[in-house]
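What follows is a set of notes on a single structure, which appears directly below.
Derivation of every value follows stated rules applied to the coordinates shown; laboratory data play no part. Bear in mind that the values here come from a model prediction, so they are computed numbers and not experimental data. Cβ: placed from backbone, ideal geometry, glycine included. Neighbour counts: every protein chain shown.
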Amino acid sequence: MEMLAMGKYGVYVWTCFGLTFTVLVTCVVQARRRHRAVLREVRRHMQLTETDE
Amino acid sequence: MTTLPDTMPGLGRGFVALLRRDLLLAWRRPGDVLNPLVFFAIVATLFPLALGPETDLLRTIGPGVVWVAALLAALLSLNGLFLADHEDGSLEQLLLSAQPLPLLVLAKTCAHWLLSGLPLVVISPLIGLSYDLPADGLLALPATLLPGTASLSLVGATGAALTVGLSRGNALLGLLVLPLAMPILIFGARTVSLAAAGDTMAGGVYFLGAYCMLALTLAPFATAAALRISNE
Amino acid sequence: MWTFFHKLASPPHFYGLAGKFIPWFAAIGLPLVAYGTWAGLFIAPPDYQQGDAFRIIYVHVPAAYLSMLAYMVMAIAAGIGLIWRMKLAHAVAASAAPLGAWFTFLALATGSIWGRPMWGTWWEWGDPRLTSELILLFLYLGYMALRAAIDDGTKADRASAVLALVGAVNVPIIHFSVEWWSSLHQGPTLIREGGPAIAGDMLYPLLAMIFGFSFLFGALLLMRVKSEVLYRERRARWVRRLATESAGAA
């Protein structure tokens, strides 16, 4: 437990590490969501052009 | 191509013709020239009114305030640099011209600086006087603003060229140009502060001069490229 | 050599290649970051001056390093795209910008939190590195705003590429001027250059974090470039086939 307290700086150290990993995870989620959105967009576009023909 | 056709004017003439045209246009509508100048004076008036009339305080903030006001005034006038020409189609004529575009861009930038930058340089000691700057500071203001406003016109022209056809280009221009202008602001304002405190101003003025030379060599090409892209 | 480049620049080929590289980058980057985090938090001895607060270095420095690396990647890709009219390079530049902005934000946030116990304020204008990072964040935001403001894709690519190159010329000048500016009043800094040599137990986790973060950045960049390529090629047959296949799988 003493290790986790980081002297008197525990709050600052843990906030920084937490923030960093939150941002990394956000980047991954953002990238994946964008990928799925593009694929959806392509499919929607295909359906539109199919109904035209 | 070994010989130029007789009808093709020299490089200098194209430059001078465009410069004259822009100056003449401004001469016929003096409001466009006066607006940045008045804006500059008003921004400089805001600070004493907001912060209080203590002479010591004003003397400390004076150099920074004058420089920020000059930066904002330059930004205000940059928006119109290519706008009128874009709207009436003469910009496309420039792009089609046989003259090298960077040179024409330089002519327009020169005109812009003569109309919006130079007046600020001239009246800056007056503003400095109202902030009770000592004589060295009053001298340092035009000395730094001269290369500084020229650099602002050159770098700002690239930003203006990038945003020329955009509907919300006005707000975007500040976002693009202000971060790039920070070295100019830092050196300009700090050099005036140092000079007002009795230090030498040579270092800062040399830096601004070097920055201006760099901008003079690179910015017209970037602006020309940006104009071509914006008008594709 | 040239055929290799041409093949690399062909979107479907690149798409497949990127898909193969992403798991590898993640497989190298994640263990490095895991080791660096664990060793940085628990193995490295506390700093004799800053105590345990110095452990923030293990996230702050990689973030700051990547914020600049991402700008370099963006500017070089933009230059390649502008000169050789290579669409793929523009896709890389467009993908690097938001990642760079995130890492810049991270460097600013961790620097500010680190500064709180060290300086007693959340923001210290005297630290030249933090101030430079702030201006870098504005450069990223300007780049992204310009890109978002132009509807036409090719025009957005080329206009933002010019801005990226102009920015790249200015970044060292900004850095230099901020250093000069802060040197005038000897501001406090978090990391001193040429300070006491950092001991092995402190250094190895830092190196692991920097390399690990770089690999993760590579993986994230490729993930984003893949989506960019798909979007730009959305009318191509191979993209349509891919979209139908993925619909069946989902």
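Within 10 Å of the Cβ of each residue in C:223-231, the mean number of Cβ atoms contributed by other protein chains is 5. Near C:Lys226, which aspartates and glutamates are there with a Cα under 18 Å away, not counting those fewer than 8 places off in the same chain? Leaving aside aspartates and glutamates fewer than 8 places away in the same chain, those within reach of C:Lys226 are A:Glu41, C:Asp157, C:Glu245. The mean count of C-beta atoms from other chains within 10 Å of the C-beta of residues in B:180-191, rounded to a whole number, is 5. If R0 is 51 Å, the Cβ-Cβ spacing of B:Ala202 and B:Ser90 corresponds to a FRET efficiency of close to 0.75.
Where does the charge balance sit around B:Leu175 when Lys and Arg score +1, Asp and Glu -1, over other residues with C-beta under 15 Å from its C-beta?
Once positives and negatives cancel, what remains is +2.
Highest mean first, the peptides B:47-56, C:10-19 sorted by other C-beta atoms within 10 Å per residue fall in the order C:10-19, B:47-56. With neighbours defined as other Cβ atoms within 10 Å of a residue's Cβ, the residues C:His60, B:His86, A:His45, C:His6 order from fewest to most as C:His6, A:His45, B:His86, C:His60. Charge dipole (Cα centre; +1 on Lys/Arg Cβ, -1 on Asp/Glu Cβ; no other charges) of chain C amounts to roughly 1340 debye.
Using just the Cα positions, wrap chain C in a convex hull and report its mean projected area in square nanometres, one decimal place. Provide the component values of the computation, followed by the final result.
Values: hull surface 65.1 nm².
The orientation-averaged projected area of the Cα hull of chain C comes to 16.3 nm².
A viscosity of 0.890 mPa s and a temperature of 25 °C, combined with the Kirkwood radius over C-alpha pairs in the Stokes-Einstein formula, give the range B:59-178 a diffusion coefficient of 160 µm²/s. Packing, as the average of other Cβ atoms within 10 Å across residues, places the peptides B:120-127, C:120-127 in the order B:120-127, C:120-127, highest first. To the nearest 0.05, how large is the calculated FRET efficiency for B:Ala50 and C:Phe211 if R₀ is 45 Å and r is the Cβ-Cβ distance? The value I calculate is 0.35. Note on A:Val28 and C:Asp151: with the Förster distance fixed at 41 Å, the Cβ-Cβ geometry gives a FRET efficiency of about 0.90.
The packing ranking, built from the mean of other Cβ atoms within 10 Å per residue, places the peptides B:60-67, B:134-141 in the order B:60-67, B:134-141, highest first. The charge dipole of the protein assembly as shown, taken about its Cα centre with unit charges on the Cβ of Lys, Arg, Asp and Glu (plus for the first two, minus for the last two), comes to roughly 1760 debye. Ranking C:Gly126, C:Phe176, C:Leu136 by Cα position along the charge dipole of chain C, where only Lys, Arg, Asp and Glu carry charges on their C-beta atoms, puts C:Leu136 farthest toward the positive end. Taking a Cβ cut-off of under 14 Å around B:Phe15, the surrounding Lys, Arg, Asp and Glu residues balance to a net charge of +3, with basic ones at +1 and acidic ones at -1. Once you sort the root eigenvalues of the Cα gyration tensor of the protein assembly as shown as a ≥ b ≥ c, which label holds: rounded (a/c under 1.5), prolate (a/b larger than b/c) or oblate (the other case)? Judged from the Cα gyration tensor, the protein assembly as shown comes out oblate (a/c at least 1.5, b/c at or above a/b). Counting Cβ atoms of other protein chains within 10 Å of each Cβ in A:37-45 and taking the mean gives 6. Relative contact order of chain C: 34 percent, from C-alpha pairs under 8 Å at least 6 residues apart in sequence.
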